[in-house]
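Enquirer: The following block contains the structure, expressed as structure tokens.
The values are calculated or read from the model by the stated rules, or taken from the named source; none is laboratory data. Please read all numbers here as calculations on a predicted model, not as lab measurements. Here the Cβ is made from the backbone with ideal geometry for all residues, glycine too, and neighbour counts use every protein chain on show. Protein only, heavy atoms only, side chains kept; ligands, DNA and RNA dropped before computing areas. Shrake-Rupley method; radii C 1.70, N 1.55, O 1.52, S 1.80 Å.
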Amino acid sequence: MNADFEELYQQVILDHSKRPRNFGTLEGPAVHVDGDNPSCGDEIHLHVRFGTEGQVEDLRFTGVGCAISQASASLMTLKLKGKSKQEARELLEAFTDVVTLGEHEAPKMLGDLRLLSGVRKFPQRVKCAMLAWRAFEQAMQEASTGPVSTEKSAPHCS
Amino acid sequence: MSDPKSHRPSLESYRSEFPILHQTVNGAPLVYFDNAATTQKPRAVIDALVHYYEHDNANVHRGIHLLSNRATDAFEAARAKVAGYLNAAAPSEIVFTRGTTEAINLVANAWGNANLKPGDVILLTEMEHHSNLVPWQQAAQRTGAQLRFIPLTDSGTLDLSQLDRLLTPEVKLLSFTHISNFLGTINPASLLCARARAVGATSVVDAAQSAGHMQVDVQAIGCDFLAFSGHKMCAPTGIGVLYGRASILEQTPPWQGGGEMILSVRYESSTYKQAPSRFEAGTPNIAGAIGLGAAIDYIEAIGRDALQEHDQALALDAYARIGALPGYRVVGPTGDRGGLVSFVHESVHPHDLTSYCDQKGLALRGGHHCNQPLMRKLGFPSTSRASFYLYNTTAEVDRMIEILAEAHRFFS
Ligand SMILES: Cc1ncc(COP(=O)(O)O)c(C=O)c1O
């Protein structure tokens, strides 16, 4: 088996895709974003509760999708929970750079999310890894500006 | 040559004539099972394109010079070849298009705008490719006609018991796929067209998945229009065909305007040529049409009955063996089917599965196969699909079965 493929689909990823953490919805006030990837039918429904300073108090997701999109969402929720607005934004940017640009070593702060950096060797799968993160990016936007119409701005990534 | 086991003709000798097949992908020999998306091209077709560009290239129907005459002759010879291939009454019933999608859009616009009005019904089936659905949704929006759908049985065939209820006098058009690119179902085309005719409805057949795989005789089918794509039957991309029955084509106004389709142009108005030229505005895909002619020669030399038998045998074998693998489920009817099999794994997403197969050199399609409404109805976000053509072998199906079994272990 190709080493790049094995690196991408290692046990941690498969484990998160089969037993996603923070899978579910949040009770009470929360920003709710639906994202999908129309070309393959992947879907995510992300709930985020932000604190008064914009910090990520809690987040959960449901959805269906491939192992990469599910594992990315699961690892993302673990990483972002409890982070300040600034830290969350930095993580979002760092992750996006790693999977879309991929010129540099994945920074340490990404922790287990670095396992997904191998996705850059499979260009058609980058959108799978990014699905949850685009939804989170939109949730941050909505938290600061009020809800945007999901019709126009749902994070499609075909 | 024949296969000793089954006495059916082996097409294996043709394989060497497809240069692209002889390569490795991700370190493994290529197994190309994405033929329903597009087929590979034999040397004979590639050579026909090269010959045209090296010797005959010129615009058609225009120049008073030798090359233009040669190009025009070759282009019109391709049209005659297509007419023969479909058993059309005359070459003038053959309109060249970019492909199936453009052919259906031509009917939906040119015929649809002239013939559909509020209260009319466009009858489709639940298994249509987006390209035989979206143009009709747009036509319905423009004209006020309504869409109606022939439902499917649980086994994935059309529920013909519903025809009496659905085929009312308001139905002005019936359009259906000959072979489903997702389920593999072969629809009873001549029966459906006869039923449409009985209520005075015009019939359209989407032959994208059948034209290169089986006998398609427009007179035996009795359709008014039929569309297919060259690239799914050994020809280049960018060339396709709309067959239109002469009596209907003559009554249909043009769709696109431009050069080639006019008799005489004044500043305020123009008069149009007869069909098929009326529907071919602008410089056509001359090389594509010539390539399609070469592809038809190639397929006819093999024989469409032999081809269908070959593809179907591979599909039935794959259907039975994938269905018997732990974790997998096959989709679509048992028995008579087109040369393709869609399937799902109980826990592995088709994207992961298709990526895994790609690592082993096996090219499958994973996704919604441009059948979103049906997939949604059946509860599959997406599936994987293996689709076969004349150069595929039983040994390649064996390889696929091994790879799918390995994938089951890898992901479990
Ligand atoms: C049943 C069917 N109809 C229509 C099409 C569209 O063909 P094209 O993209 O060549 O226009 C396809 C191709 O995927 C098909 O399988």
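Enquirer: Out of the range B:175-233, which residues are in contact with a helix residue (DSSP H, G or I) (Cβ under 7 Å, 6 or more places away or on another chain) and on the phi > 0 side of the Ramachandran plot?
Expert: B:GLY184, B:GLY222
Enquirer: Turning to a different aspect of this structure: Which members of the range B:293-328 meet the condition of being without any contact (Cβ under 8 Å) to a residue 40 or more places away in the chain and in contact with a His (Cβ under 9 Å, 6 or more places away or on another chain)?
Expert: B:GLN312
Enquirer: Also, quick follow-up: If the Cβ limit is 6 Å and pairs must be 6+ apart or interchain, which residue in the range B:374-398 that is within 14 Å of chain A (Cβ to nearest Cβ) pairs with which residue that is in a loop (DSSP other than H, G, I, E, B)?
Expert: B:LEU374/B:GLU126; B:LEU374/B:MET127; B:MET375/B:HIS368; B:PRO381/A:GLY41; B:SER382/A:CYS40; B:SER382/A:GLY41; B:SER382/B:HIS368; B:SER384/B:LEU364
Enquirer: Against the conditions (1) within 16 Å of the ligand (Cβ to nearest atom); (2) open to solvent by less than 70 Å² (accessible area, probe 1.4 Å), where does B:ARG98 fall short? Just the number, please.
Expert: With respect to (1) within 16 Å of the ligand (Cβ to nearest atom); (2) open to solvent by less than 70 Å² (accessible area, probe 1.4 Å), B:ARG98 is out only on (2).
Enquirer: Taking A:ALA129, is it more than 25 Å from A:GLU6 (Cα to Cα), part of a helix (DSSP H, G or I) and of a type in the set (Gly, Ala, Ser)?
Expert: no
Enquirer: Condition first: surrounded by 16 or more Cβ atoms within 10 Å (Cβ to Cβ) and within 14 Å of another protein chain (Cβ to nearest Cβ). Can you find one or more residues in the range A:18-27 that meet it?
Expert: Yes; the residues of the range A:18-27 include at least one that is surrounded by 16 or more Cβ atoms within 10 Å (Cβ to Cβ) and within 14 Å of another protein chain (Cβ to nearest Cβ).
Enquirer: Of all residues in the range B:190-221 being in contact (Cβ under 8 Å) with a residue 60 or more places away in the chain and of a type in the set (S, T, N, Q), which is farthest from the ligand (Cβ to nearest atom)?
Expert: Among them, the one singled out is B:GLN219.
Enquirer: Let me ask you something else. When the residues of the range A:32-46 are filtered to those that are surrounded by 22 or more Cβ atoms within 10 Å (Cβ to Cβ) and part of a strand (DSSP E or B), which remaining residue is nearest to the other protein chains (Cβ to nearest Cβ)?
Expert: Step one: filter the range A:32-46 for residues surrounded by 22 or more Cβ atoms within 10 Å (Cβ to Cβ), giving A:33, A:35-37, A:40-42, A:44, A:46.
Okay, now just the ones that are also part of a strand (DSSP E or B), so A:33, A:35-37, A:42, A:44, A:46.
Values: A:VAL33: 19, A:GLY35: 14, A:ASP36: 10, A:ASN37: 9, A:ASP42: 7, A:ILE44: 12, A:LEU46: 18 Å.
The extreme case among them is A:ASP42.
Enquirer: Right, next: Could you count how many residues in the range B:102-116 are within 16 Å of the ligand (Cβ to nearest atom) and of a type in the set (Gly, Ala, Ser)?
Expert: Within the range B:102-116, the first condition is being within 16 Å of the ligand (Cβ to nearest atom), and the residues that meet it are B:102-109.
This time we only want the ones that are of a type in the set (Gly, Ala, Ser), so: B:103, B:108.
Residues in the range B:102-116 being within 16 Å of the ligand (Cβ to nearest atom) and of a type in the set (Gly, Ala, Ser): 2 in total.
Enquirer: Which number in (1) crowded, with 21+ Cβ neighbours inside 10 Å; (2) at pLDDT 90 or above; (3) within 12 Å of chain B (Cβ to nearest Cβ) marks the one condition that A:LEU8 misses?
Expert: Result: A:LEU8 fails condition (2) only.
Enquirer: Is it the case that B:ALA83 is in contact with a strand residue (DSSP E or B) (Cβ under 8 Å, 6 or more places away or on another chain), aliphatic (A, V, I, L, M) and open to solvent by 10 Å² or more (accessible area, probe 1.4 Å)? Steps first, answer last, please.
Expert: On the way: in contact with a strand residue (DSSP E or B) (Cβ under 8 Å, 6 or more places away or on another chain): yes; aliphatic (A, V, I, L, M): yes; open to solvent by 10 Å² or more (accessible area, probe 1.4 Å): no.
Judged against the criteria, B:ALA83 is not a match.
Enquirer: A further question on this structure: Which pairs turn up if I take residues in the range B:121-132 that are within 14 Å of another protein chain (Cβ to nearest Cβ) and within 21 Å of B:GLY367 (Cα to Cα) and look for partners that are within 12 Å of the ligand (Cβ to nearest atom) and open to solvent by 10 Å² or more (accessible area, probe 1.4 Å) with beta carbon separation below 8 Å, at least 6 apart in sequence or on another chain?
Expert: Pairs that qualify, where the first residue is within 14 Å of another protein chain (Cβ to nearest Cβ) and within 21 Å of B:GLY367 (Cα to Cα) and the partner is within 12 Å of the ligand (Cβ to nearest atom) and open to solvent by 10 Å² or more (accessible area, probe 1.4 Å), are B:HIS130/B:CYS370.
Enquirer: If you don't mind, there's one more thing I want to ask. Is it the case that some residue within the range B:77-93 is assigned by TED's automatic domain parsing to the domain that holds B:ARG245, within 16 Å of the ligand (Cβ to nearest atom) and under 18 Å from B:GLY288 (Cα atoms)? Full working, then the answer.
Expert: Restricting attention to the range B:77-93, the residues satisfying the condition of being assigned by TED's automatic domain parsing to the domain that holds B:ARG245 are B:77-93.
Right, trim to within 16 Å of the ligand (Cβ to nearest atom) and you get B:82.
Of the ones still in play, those that are also under 18 Å from B:GLY288 (Cα atoms) are B:82.
Yes, the range B:77-93 contains a residue that is assigned by TED's automatic domain parsing to the domain that holds B:ARG245, within 16 Å of the ligand (Cβ to nearest atom) and under 18 Å from B:GLY288 (Cα atoms).
Enquirer: Please find, within the range B:144-170, the residue that is nearest to the ligand (Cβ to nearest atom) out of those that are more than 24 Å from the chain's Cα centre (by Cα), surrounded by fewer than 20 Cβ atoms within 10 Å (Cβ to Cβ) and more than 30 Å from B:ALA315 (Cβ to Cβ).
Expert: Within the range B:144-170, the first condition is being more than 24 Å from the chain's Cα centre (by Cα), and the residues that meet it are B:144-146, B:154, B:161-170.
Those left that are additionally surrounded by fewer than 20 Cβ atoms within 10 Å (Cβ to Cβ): B:144, B:146, B:154, B:161-166, B:168-170.
Still in the list and also more than 30 Å from B:ALA315 (Cβ to Cβ): B:144, B:146, B:164-165, B:168-170.
Values: B:GLY144: 26, B:GLN146: 22, B:ASP164: 26, B:ARG165: 25, B:THR168: 26, B:PRO169: 28, B:GLU170: 26 Å.
The residue in question is B:GLN146.
Enquirer: On to the next question. For the range B:327-354, which residues satisfy the criterion of being over 16 Å from B:GLY366 (Cα atoms) and within 14 Å of chain A (Cβ to nearest Cβ)?
Expert: Across the range B:327-354, the qualifying residue is only B:GLY327.
Enquirer: Follow-up. When only residues in the range A:53-105 that are open to solvent by 50 Å² or more (accessible area, probe 1.4 Å) and among the acidic types (Asp, Glu) count, which is farthest from A:GLU27 (Cα to Cα)?
Expert: The extreme case among them is A:GLU103.
Enquirer: Report the residue count in the range B:57-82 for those that are assigned to a helix (DSSP H, G or I) and touching a residue at least 60 places away in the same chain (Cβ under 8 Å). Break it down stepwise before answering.
Expert: To start, the set of residues in the range B:57-82 that are assigned to a helix (DSSP H, G or I) comprises B:66-82.
Now drop any that are not touching a residue at least 60 places away in the same chain (Cβ under 8 Å), which leaves B:71, B:74-75, B:77-79, B:81-82.
Summing the residues that are assigned to a helix (DSSP H, G or I) and touching a residue at least 60 places away in the same chain (Cβ under 8 Å) in the range B:57-82 gives 8.
Enquirer: How many of the residues in the range B:13-27 are touching a residue at least 24 places away in the same chain (Cβ under 8 Å) and either hydrophobic (A, V, I, L, M, F, W, C) or assigned to a loop (DSSP other than H, G, I, E, B) (or both)? First the steps, then the outcome.
Expert: First, the residues of the range B:13-27 that are touching a residue at least 24 places away in the same chain (Cβ under 8 Å): B:14-15, B:17-19, B:21, B:24-27.
Now drop any that are not either hydrophobic (A, V, I, L, M, F, W, C) or assigned to a loop (DSSP other than H, G, I, E, B) (or both), which leaves B:18, B:21, B:25-27.
The qualifying residues number 5.
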